[in-house]
Amino acid sequence: MKSISKSILNKEAGLPLIISGPCSAETEKQVIATSHALKATGYVDILRAGIWKPRTRPGSFEGVGTKGLPWLQKAKELTGLPVAVEVATARQVEDVLHFGMDVVWIGARTTANPFSVQEVANALKGVDIPVLVKNPTNPDIDLWMGAVERLSNAGLQHLGLIHRGFSSCNAGEYRNAPMWQLAMEMKSKNPEMIMLNDPSHISGKRNGLAQIMRKAIDLSFDGFIIESHIDPENAWSDADQQVTPKMLKDLLDAVKAQTIVCRFGGYSSEDFLIQQINQLEDELRIINNKRNGAVTQLKVKSDIHDGKVPGRR
């Protein structure tokens, strides 16, 4: 199984691959303006935008659909940057290929459904296009591996991985709990594939991106997929986690400095295991602190009920 070539990681050796663009393509003007600003940062390698947006509940913005693909086609022509789009059905694959998109990714909800992954794999059969696979919403590494295997079995040779965090009742400060050890285990099973980090969906807020990105660099991730918007405060979806192109540049200036020190890609398998142990210990500490807090609250409530707290019955 071949991976997406690491030779496209960036202009300077050692810098991460950067995919960026709006959560959703909203208007042609918004797509073009954002794309020009991202090109000007000097960091972005691939533009991205959501065309179809799977939402948890109906009634929220679910994307402009196929009519947004010519906007991305125009952005590609104007900036010279390749374009990536999420797909979840065979029809979406047909539309994306018709309009000449360069990279596709499979979203977390789709990865969690083997029937959907197989449909996409069948539609992509015989097509030489890079495909990135996000981790499933639930922390199940077999589902993630299964999606990769289905695509590989369909003859797709240029595959990569995206770590976007996992749904968890204990996500705490995160929108999606990173569970770094699962991403690292997946990377260890697929060392030939690039592993991108999605700090936007892990954090859920723009002021949390830097912390996530620093951690990903320490763990030798190969790059980032980050949501950016020319006017994030007024974005039609996920406004809180998107950044302006200027904010993105500031973040990546810091990343560039850190990658020089960390030497991207320099971890051995033993380093990964050590990092896994450290991350698991951190998560156990957090869970234990939450448990102790819940026990304390329960004891206080019990004491109040029994009349052991003065002045309370």
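Please go through the range 236-246 and give me each residue that is at pLDDT 95 or above and aliphatic (A, V, I, L, M), ordered by number.
Matches in the range 236-246: Val243 only.
Hey, any hits in the range 49-62 for a residue that's of a type in the set (Ser, Thr, Tyr) and either exposed (fewer than 14 other Cβ atoms within 10 Å of the Cβ) or within 18 Å of Gly107 (Cα to Cα) (or both)?
Among the residues of the range 49-62, at least one is of a type in the set (Ser, Thr, Tyr) and either exposed (fewer than 14 other Cβ atoms within 10 Å of the Cβ) or within 18 Å of Gly107 (Cα to Cα) (or both), which makes the answer yes.
To keep it simple, each residue is scored yes or no on (1) at pLDDT 90 or above; (2) of a type in the set (Gly, Ala, Ser); (3) over 18 Å from the mean Cα position of the chain (by Cα); (4) closer than 17 Å to Gln242 by Cβ.
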residue: Arg57; (1), (2), (3), (4): no, no, yes, no
residue: Gly68; (1), (2), (3), (4): yes, yes, yes, yes
residue: Lys74; (1), (2), (3), (4): yes, no, yes, no
residue: Leu78; (1), (2), (3), (4): yes, no, yes, no
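So which residues in the range 22-44 are part of a loop (DSSP other than H, G, I, E, B) and in contact with a helix residue (DSSP H, G or I) (Cβ under 7 Å, 6 or more places away or on another chain), if there are any at all?
Passing the criteria: Pro22, Ala25, Tyr43, Val44.
Here is a list of conditions, (1) part of a helix (DSSP H, G or I); (2) of a type in the set (A, V, I, L, M); (3) surrounded by 22 or more Cβ atoms within 10 Å (Cβ to Cβ), and Leu182 meets all of them except one; can you say which number that is?
Of (1) part of a helix (DSSP H, G or I); (2) of a type in the set (A, V, I, L, M); (3) surrounded by 22 or more Cβ atoms within 10 Å (Cβ to Cβ), only one is false for Leu182: (3).
Buried (at least 17 other Cβ atoms within 10 Å of the Cβ), under 27 Å from Val83 (Cβ atoms), in contact with a Leu (Cβ under 7 Å, 6 or more places away or on another chain) and without any contact (Cβ under 8 Å) to a residue 40 or more places away in the chain: is that true of Leu156 in this structure?
When the stated conditions are applied, Leu156 passes them.
Kindly provide the set of residues from the range 43-65 that are farther than 24 Å from Phe224 by Cβ and aliphatic (A, V, I, L, M), ordered by number.
Of everything in the range 43-65, just one residue is farther than 24 Å from Phe224 by Cβ and aliphatic (A, V, I, L, M), namely Val64.
The values are calculated or read from the model by the stated rules, or taken from the named source; none is laboratory data. Model, not experiment: these values are computed from the prediction. Neighbour counts run over all protein chains shown; Cβ positions are idealised from the backbone, glycine included.
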